[in-house]
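Since the structure comes first, as structure tokens, the remarks are kept for the end.
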Amino acid sequence: MYYARDDRNEMIIDRDIMVLANPEIANLPNWVIALVAAGGIAAALSTSAGLLLVISSAISHDLCKRNLMPDITDKQELLYARIAVAVSIVIAGYLGVHPPDYVASVVAFAFGLAASSFFPAIIMGIFYKGMNREGAIAGMLMGITFTASYIIYFKFIATFSINVPANWWLGI
């Protein structure tokens, strides 16, 4: 990325592009560079396609058909799945153009949010015989709400004077 503002002219190298740029930097043959680029594109496409399928089926089948509207037809379920895919693509596209941070940090956010939402339901389901659906939903909502607010506060809202290890909860 080239930065040309004020009185500076600087080249900024993003950490995310280094994996794909290394073969070209090392002056490897063009076919090796093409294989690395094709591998990166294939990994991104297969991952995003799998995630889109999961999102669409979770929203259309699990949420709409099972819980909210049990008597919808297969055609309506397919329509809701397509709408969920379209909305997911728009959100992913926006976040791709305006990323909140570099890739490893975003992946860490995603795993932290997933773990905070599933952990209470899994642990309580294993070790507590009185666990029910409402308790699982409440635990998942509280876990993801707390973790999302913590990440948003310390990553995007807190100033540098507040965002110090002394103010973090248990050093996290």
- Do we have Leu53 as loosely packed, with under 15 Cβ neighbours inside 10 Å and either at pLDDT 90 or above or of a type in the set (S, T, N, Q) (or both) here? yes
- Task: Would you confirm whether any residue within the range 70-78 is assigned to a helix (DSSP H, G or I), closer than 30 Å to Met18 by Cβ, of a type in the set (A, V, I, L, M, F, W, C) and in contact with a helix residue (DSSP H, G or I) (Cβ under 8 Å, 6 or more places away or on another chain)?
- Result: no
- Counted residues, the range 119-135 - those being in a loop (DSSP other than H, G, I, E, B) and either in contact (Cβ under 8 Å) with a residue 40 or more places away in the chain or among the aromatic types (Phe, Trp, Tyr) (or both): 1
- Query: What pairs come up if the first residue lies in the range 36-51 and is at positive phi, the second is part of a helix (DSSP H, G or I), and their beta carbons are under 9 Å apart, counting only those six or more places apart or on different chains?
  - Reply: none
- Message: Against the condition surrounded by 12 or more Cβ atoms within 10 Å (Cβ to Cβ), modelled with pLDDT of 85 or more and acidic (Asp, Glu), how does Glu77 come out, does it pass?
- Response: yes
- Message: Suppose the filter is surrounded by 13 or more Cβ atoms within 10 Å (Cβ to Cβ) and aromatic (Phe, Trp, Tyr); does Tyr150 pass it?
- Response: yes
- So, of the residues in the range 154-171 that are under 16 Å from Ala108 (Cα atoms) and surrounded by 10 or more Cβ atoms within 10 Å (Cβ to Cβ), which turns out to be farthest from the chain's Cα centre (by Cα)? Phe154
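The values are calculated or read from the model by the stated rules, or taken from the named source; none is laboratory data. Predicted model only: the values in this text are computed from it and were never measured. Note that we place each Cβ from the backbone using ideal geometry, even for glycine, and neighbour counts take in every protein chain shown.
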